[in-house]
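Read the structure below first, then the notes.
The values are calculated or read from the model by the stated rules, or taken from the named source; none is laboratory data. Here the structure is a predicted model, which means the values were calculated and not measured. Backbone-built Cβ (ideal geometry, glycine too); neighbour counts: all protein chains shown.
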Amino acid sequence: MQNYKRIEITVGLFVVIGLLAISWLAVKVGQVGGLGASGYVLTADFDDVGGVRKGSDIMMAGVIIGRVDGVKLVNSDHASMALRINNGVKIAEDAFASVRTKGIIGDRYIRITQGTEESYLEPGDEIEETESAINIEDLISKYIFNGKE
């Protein structure tokens, strides 16, 4: 009887440790609920974010330097985005943020092009220069309609 209790306790301990490990992985890898998030937040306003959503990559020189923390509509005419940048990455005050696509029909991401300023943005600052997403459907319809006129 004592032997069964010891086995039950050992199995229970392994189950609890396994659940804790899976929970930790979910928080760190998936940044569930923002619990695993680190870094500092910058903001940027775009006329059109074209499918960029919370969790999308932020890249500089082809390297992921952060994730989009949130996107919200402002005054029904443009979108404001919270960009969580990894600690240790400095963004120049004259940096340029643009919405880009991975591959031909891939996911959207934010590309930051570093500026020439030697002063850097502080947490909570805004990236002033932005370029919105290019909408392929709009380009095609303009080409078709302009071609017929």
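For the reader, a short list of remarks on this structure follows.
- Of all residues in the stretch 67-90, those satisfying the criterion of being touching a residue at least 24 places away in the same chain (Cβ under 8 Å) and within 19 Å of S132 (Cα to Cα) are R67, V68, D69, V74, D77, H78, A79, S80, M81, A82, L83, R84.
- Looking only at the stretch 49-83, and only at residues there that are crowded, with 16+ Cβ neighbours inside 10 Å, modelled with pLDDT of 85 or more and not hydrophobic (A, V, I, L, M, F, W, C), the one that is farthest from D107 (Cα to Cα): S80
- For the stretch 84-112, a residue qualifies if it is surrounded by fewer than 11 Cβ atoms within 10 Å (Cβ to Cβ) and under 16 Å from T43 (Cβ atoms), but none of them does.
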